[in-house]
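Novice: What follows is a single structure, and I will ask about it in a moment.
Read-outs throughout are calculated quantities, based only on the coordinates presented, and are distinct from any laboratory measurement. The structure displayed is predicted, hence computed values, not measured ones. Positions of Cβ are backbone-derived with ideal geometry, glycine not excepted, and every protein chain shown enters the neighbour counts.
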Amino acid sequence: MEKIAEVSKVFKINARAKIIITLVFLFFLISTVSGHYYILLLYFILSISIAILFKPDFYLLIKRTLLLFLFPFFISIFIPFANKGKILFTLNLNFLNITITDNGITIFLTVLVKSFISILLLSSLVISISDIELLDGLRKIHVPAIIVTIIFIMYRYFFVLKEDSNTGQLAIKSRIFQKSYKTLSKKLTFLAGNLLIRSFDRAENIYKSMESRGFDGNFHFIERNFDTGKLNWIFTIYFILMMILVKIIEFLKVLS
């Protein structure tokens, strides 16, 4: 990890290499069998090395990772109660019988570890590059232009739609004196329909204005590091080989 940190100060890995490493890493991570915690530990160490290479803002990385991790944590909290296996704990209620199984605990812990590592790597990817670099990297790995365009427009104008929604809600609150549930729900329904219609009109006008300025569905980004192409591929192949090595170790452990 120290050698990777030293080399990462010399050059900046490009967006295409970051995206390839991230996607391949997630594929290998997700395919890990439940309960193989030592393999997950190897993936965690590898993810830390990749994050150091990506060079994100580590304070922002930790903050965003912990915040986003709350979502899969609360989603998967019911897994120990919904899987068959050896019963470890039973709680008998008058209307419900709750049991915790060993298989449920194993799947629960595996899901948590996989979620944390995935969020850590994805957050380091998003934080370390700009939105234009990310879109340019997606096009360089041959993601269809229409998909990249949709992602860009959704990201760019989501905040505009959110601002319109906040303005509409403020207008509703200033005009409703008797705030009954029925009246408020009716006004919010009208607001949602209005935002939907306005979003269609705005999207068409925006795309026409982009076409009139020469937009052809591609995002062009000028890279400042012109002499690091070989190093980018070397690091990409190196990390992919490390992932394959971890997967081979897992297969050998399963077969033994």
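Novice: Assuming R0 = 45 Å, what is the FRET efficiency of Leu122 and Lys208, from their Cβ-Cβ distance, to the nearest 0.05?
Specialist: 0.85
Novice: Okay, next question. Enumerate the residues in region 145-160 having an amide nitrogen under 17 Å from the point lying 7 Å beyond the Cα of Leu195 toward its Cβ.
Specialist: 154-160
Novice: Simple spin-label model, 7 Å along Cα-to-Cβ: Tyr155 to Val143 in nm?
Specialist: That separation, rounded to one decimal, is 0.7 nm.
Novice: Under the rule a/c < 1.5 gives rounded, and otherwise a/b versus b/c splits prolate from oblate, where does region 35-120 land using the Cα gyration tensor?
Specialist: Cα axes put region 35-120 in the oblate bin.
Novice: To continue, here is another question. For Ile87 and Val111, compute 0.36 nm times the residue count separating them, minus their Cα-Cα distance, and round to one decimal in nm.
Specialist: Details: separation 24, 0.36 × 24 = 8.64 nm, distance 1.97 nm.
Net length gain for the segment: 6.7 nm.
Novice: Continuing with the same structure: So which chymotrypsin sites (Phe, Trp or Tyr not before Pro) in region 101-197 are both in a DSSP loop and have at most 14 other Cβ atoms within 10 Å of their Cβ?
Specialist: Numbers: sites: Phe108, Phe116, Phe152, Tyr155, Tyr157, Phe158, Phe159, Phe177, Tyr181, Phe190; in loops: Phe177.
Those that pass, being in a loop and sparsely packed, are Phe177.
Novice: Assuming R0 = 51 Å, what is the FRET efficiency of Phe27 and Leu188, from their Cβ-Cβ distance, to the nearest 0.05? Mind dumping the intermediate values first?
Specialist: Details: r = 41 Å, r/R0 = 0.81.
FRET efficiency, Phe27 to Leu188: 0.80.
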